[in-house]
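Visitor: For reference, the structure I am asking about is given below.
The values are calculated or read from the model by the stated rules, or taken from the named source; none is laboratory data. Computed from a prediction, not measured in an experiment: that's the story for all the values here. Positions of Cβ are generated from backbone atoms using ideal geometry, with glycine treated the same way; all protein chains shown enter the neighbour counts. Side chains are part of the model used for accessible areas, which takes the heavy atoms of the whole protein and leaves out ligands, DNA and RNA. Shrake-Rupley method; radii C 1.70, N 1.55, O 1.52, S 1.80 Å.
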Amino acid sequence: MSATAQALSGEAGEADTMTDGFHLLIDALKLNGIETIYNVPGIPITDLGRYAQGQGMRVISFRHEQHAGYAASVAGFLTKMPGVCMTVSAPGFLNGLTAVANATTNCWPMILISGSSEREIVDLAQGDYEEMDQLAIARPFCKAAYRLTYAQDIGIAVARAIRSAVSGRPGGVYLDIPGAMLGQVMDAVEGQKTLVKVIDPAPRMRPSDEAVARAIGVMKEAKRPLIVIGKGAAYDQSDDLIRQLVEKSGYPFLPMSMAKGILPDTHPQCASAARSLVLKESDVVIMMGARINWLLSHGKGKQWGEPGGKRFVQMDIEPEEMDSNVEIAAPLVGDVGSCTEALIAAMDGEGISPPKEWLDQVHTKAEANMQKMSTRLQNNNHPMDYHAALGVLKQAINDRPDTILVNEGANTLDLARSIVNIHKPRHRIDVGTWGVMGIGMGAAIAAAVETGKQVLAVEGDSAFGFCGMEVETICRYNLPVCVVVFNNDGIYRGDGENWGGGDDPATTVFVKSARYDMMMEAFGGVGAWVKTPDELKQAVEAALSSGKPTLINAAIDPAAGKESGNIGNLNPQSVVAQRLYPQARTQK
Ligand code: ADP
Ligand code: TPW
Ligand code: MG
């Protein structure tokens, strides 16, 4: 029963025929199928959370808004409906804003709802409690930002927020709710009439026939074709169509990190293990919901082989994405599902099939690289290195392919991404386009809450430090999350030294052998401290079969990691520094 209907069915008296801003907001969210709020309470939204719970919504309260926000954004990625994060004004709002900006960058739908203080005081800068012009501050960081003044506008504002978040290229939306608006009352029947159910919030967008014919024309000429699949395709959920296109074309495919599992990494056409070769040697590349941004070296440079040696077909819902970095020979503007469906239909009779030599070349390279890797994964080095630990986790996910993998860190991220196979769509969540540290616990919580599945969060010790307090949230809601902290005593490596020779530790190192496992125990979860692959295996097995909140503190050789993982080349270089610090020359 909706809150307004409940009010109507009560005893006679004015309050019984009225509703208020609080309840209209809850009704508006529920009417549109939003059942969960990721929240940190406080003035003016403490009661909003209580009432939402009172009305049967799931309200997950966090310890810090950034993680509530990350959780909402990951819920958006997983469900194609905006995740909702709710915060207090000024500082809470700012904490949540990072997540909205990150969601927008990743093209994930979410709505940040923040309480705000009295507008007439804010606008005259008279120093209200938690005063801030939140709407103006939010605008540059999100896809759209709206402020409510009257309770009767809640229905339309929520509808607008949902549509803005999910239509076209998805993104983060900000909804500003002045505290006073929540308390406004109106007739319940009239209030109900103001609510809006969004019809077809993200309409399908089909590419034109000409665009499809152009793409087929490019594909027909391909001698060394490649498909690159991105997280936009994972978001789209047209998993079967994507598989059909890949298999019908016979093209090798390369999944970007969060697109792993749309087709299993073990699929015979998966070219991940021959990544350098296919990027360099391919002549036609079909991009499916993946931007040609820094993660793909902007489509240029030696990674991509001969300049001008490639033609791109790009599927994207955002027309302006085309030609952003390189010329797109055949733009396919539309949702991945519609574009893929159109290509599959248009391929018939066009003789599209890649030359056998190309497939053999890719296959041979991939096999050789996988062989090399598999020996490294079985090492029994002491102290344990990344490869040995990840060999264990790879097996754990192979045995339980339904487990959702969350992953952040530098070496911990880069190595886990290439080592741990993913078998199902949207079963890997990571740092995304920004490479943001601290998304792990929010992502793990959202994955568990939204899917009910077991989560394995593989975290660098630094990455974990950005969000570690949320293990209390995991314990409080008793979520099936196993966190494995790759504890190498620091950022990239734990063996750095102070280059000035002073007593302070190096900027990149932490307390040695820190007991992160005891943090989980402090809140009633299971902790384990492991130093060998066998111990790790046992602890992970126990965690994944019990479903209990668990933190496994895995000791990793402090000297095993590389500076900045795989992206050390992005660090600015200076000849002056190389003269001043002999150590700088040996940094990789
Ligand atoms: P990755 O990091 O995996 O390479 P990106 O985040 O760079 O992926 O790219 C995702 C792209 O997918 C964005 O350009 C976005 O506009 C696009 N996109 C998002 N949703 C859809 C969709 N449903 N259909 C087509 N393209 C989409
Ligand atoms: C919000 C910069 C990139 S990677 C990283 C930092 C601080 C931590 C790497 O250490 P970790 O992994 O997690 O222990 P490992 O295995 O290599 O030791 N602040 C934010 N985001 C980013 N990306 C950074 C800082 C960074
Ligand atoms: Mg580390």
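Visitor: For segment 151-190, give me the residue count where each residue is touching a strand residue (DSSP E or B) at 6+ places or on another chain (Cβ under 9 Å) and assigned to a loop (DSSP other than H, G, I, E, B).
Guide: Adding up the residues that qualify gives 4.
Visitor: Check whether at least one residue in segment 272-283 is over 25 Å from Leu415 (Cα atoms) and either within 10 Å of ligand 1 (Cβ to nearest atom) or assigned by TED's automatic domain parsing to the domain that holds Arg224 (or both), and report yes or no.
Guide: So far as segment 272-283 goes, yes, one or more of its residues are over 25 Å from Leu415 (Cα atoms) and either within 10 Å of ligand 1 (Cβ to nearest atom) or assigned by TED's automatic domain parsing to the domain that holds Arg224 (or both).
Visitor: Looking at segment 243-259, which of the residues that are open to solvent by 20 Å² or more (accessible area, probe 1.4 Å) and among the polar types (S, T, N, Q) is nearest to ligand 2 (Cβ to nearest atom)?
Guide: This residue is Ser257.
Visitor: While we're here: Regarding segment 479-499, can at least one residue be identified that is open to solvent by 20 Å² or more (accessible area, probe 1.4 Å), within 16 Å of ligand 3 (Cβ to nearest atom) and hydrophobic (A, V, I, L, M, F, W, C)?
Guide: Yes, the conditions are met somewhere in segment 479-499.
Visitor: Also: Of the conditions (1) open to solvent by less than 50 Å² (accessible area, probe 1.4 Å); (2) touching an Asp or Glu at 6+ places or on another chain (Cβ under 8 Å); (3) away from ligand 1 (no atom under 16 Å from the Cβ), Val392 satisfies every one except a single condition; which number is it?
Guide: Tallying (1) open to solvent by less than 50 Å² (accessible area, probe 1.4 Å); (2) touching an Asp or Glu at 6+ places or on another chain (Cβ under 8 Å); (3) away from ligand 1 (no atom under 16 Å from the Cβ), Val392 fails exactly one: (2).
Visitor: Can you name the helices (runs of 4 or more DSSP H) wholly within segment 519-588 that have at least 1 residues being at pLDDT 95 or above and within 18 Å of Met384 (Cα to Cα)?
Guide: 533-546
Visitor: Just to be sure before I move on: is Leu241 touching a residue at least 40 places away in the same chain (Cβ under 8 Å) and not in a strand (DSSP E or B) in the structure I sent?
Guide: Yes; evaluated as a whole, the condition is true for this residue.
Visitor: Tally time: how many residues in segment 59-86 are crowded, with 24+ Cβ neighbours inside 10 Å and free of Cβ contacts under 8 Å to residues at least 60 places away in the same chain?
Guide: Of the residues in that region, 4 qualify.
Visitor: Of (1) in contact (Cβ under 8 Å) with a residue 24 or more places away in the chain; (2) surrounded by fewer than 23 Cβ atoms within 10 Å (Cβ to Cβ); (3) not in a loop (DSSP other than H, G, I, E, B), Ile286 satisfies all except one. Which?
Guide: With respect to (1) in contact (Cβ under 8 Å) with a residue 24 or more places away in the chain; (2) surrounded by fewer than 23 Cβ atoms within 10 Å (Cβ to Cβ); (3) not in a loop (DSSP other than H, G, I, E, B), Ile286 is out only on (2).
Visitor: Right, here's the next one. Within segment 123-143, is there a residue that is among the hydroxyl-bearing types (Ser, Thr, Tyr) and either free of Cβ contacts under 8 Å to residues at least 40 places away in the same chain or buried (at least 24 other Cβ atoms within 10 Å of the Cβ) (or both)? Even if it seems obvious, please write down each step before you answer.
Guide: Initially, segment 123-143 is screened for residues among the hydroxyl-bearing types (Ser, Thr, Tyr), giving 129.
If we keep only those that are either free of Cβ contacts under 8 Å to residues at least 40 places away in the same chain or buried (at least 24 other Cβ atoms within 10 Å of the Cβ) (or both) as well, we get none.
No, segment 123-143 contains no residue that is among the hydroxyl-bearing types (Ser, Thr, Tyr) and either free of Cβ contacts under 8 Å to residues at least 40 places away in the same chain or buried (at least 24 other Cβ atoms within 10 Å of the Cβ) (or both).
Visitor: Condition first: over 17 Å from Ala234 (Cβ atoms) and either assigned by TED's automatic domain parsing to the domain that holds Ala290 or touching a helix residue (DSSP H, G or I) at 6+ places or on another chain (Cβ under 6 Å) (or both). Now tell me which residues in segment 101-110 satisfy that.
Guide: The one that is over 17 Å from Ala234 (Cβ atoms) and either assigned by TED's automatic domain parsing to the domain that holds Ala290 or touching a helix residue (DSSP H, G or I) at 6+ places or on another chain (Cβ under 6 Å) (or both): Ala101.
Visitor: Condition first: polar (S, T, N, Q), farther than 20 Å from His64 by Cβ and either near ligand 2 (Cβ under 10 Å from one of its atoms) or surrounded by fewer than 16 Cβ atoms within 10 Å (Cβ to Cβ) (or both). Can you find one or more residues in segment 453-469 that meet it?
Guide: Scanning segment 453-469, I find no residue that is polar (S, T, N, Q), farther than 20 Å from His64 by Cβ and either near ligand 2 (Cβ under 10 Å from one of its atoms) or surrounded by fewer than 16 Cβ atoms within 10 Å (Cβ to Cβ) (or both), so the answer is no.
Visitor: Pairs, please: C-beta under 8 Å, at least 6 apart or cross-chain, first residue more than 11 Å from Ile439 (Cβ to Cβ) and in segment 455-466, second near ligand 2 (Cβ under 6 Å from one of its atoms) and in a helix (DSSP H, G or I)?
Guide: Val458/Thr412; Gly460/Asn411; Gly460/Thr412
Visitor: Which of the residues belonging to segment 432-451 are open to solvent by less than 10 Å² (accessible area, probe 1.4 Å) and on the phi < 0 side of the Ramachandran plot?
Guide: Ile439, Gly440, Met441, Gly442, Ala443, Ala444, Ile445, Ala446, Ala447, Ala448
Visitor: Follow-up. Identify the single condition in (1) in contact (Cβ under 8 Å) with a residue 60 or more places away in the chain; (2) touching a strand residue (DSSP E or B) at 6+ places or on another chain (Cβ under 9 Å) that Leu279 does not satisfy, given that it satisfies every other one.
Guide: Status for Leu279: all satisfied but (1).
Visitor: In addition: For segment 263-276, how many residues meet the condition of being among the small types (Gly, Ala, Ser) and without any contact (Cβ under 8 Å) to a residue 40 or more places away in the chain?
Guide: 1
Visitor: Assess whether Val511 counts as being within 19 Å of His67 (Cα to Cα) and more than 16 Å from ligand 1 (Cβ to nearest atom).
Guide: no
Visitor: If you don't mind, another one. Give Asp430, Asp399 a once-over and let me know the one that is modelled with pLDDT of 95 or more, over 15 Å from Ile556 (Cα atoms) and within 16 Å of ligand 1 (Cβ to nearest atom).
Guide: None of the others qualify; the one that does is Asp430.
Visitor: Taking Ser89 as the residue in question, decide whether it is within 18 Å of Ile162 (Cβ to Cβ), assigned by TED's automatic domain parsing to the domain that holds Ile154 and touching a residue at least 40 places away in the same chain (Cβ under 8 Å).
Guide: For Ser89, the condition - within 18 Å of Ile162 (Cβ to Cβ), assigned by TED's automatic domain parsing to the domain that holds Ile154 and touching a residue at least 40 places away in the same chain (Cβ under 8 Å) - is not met.
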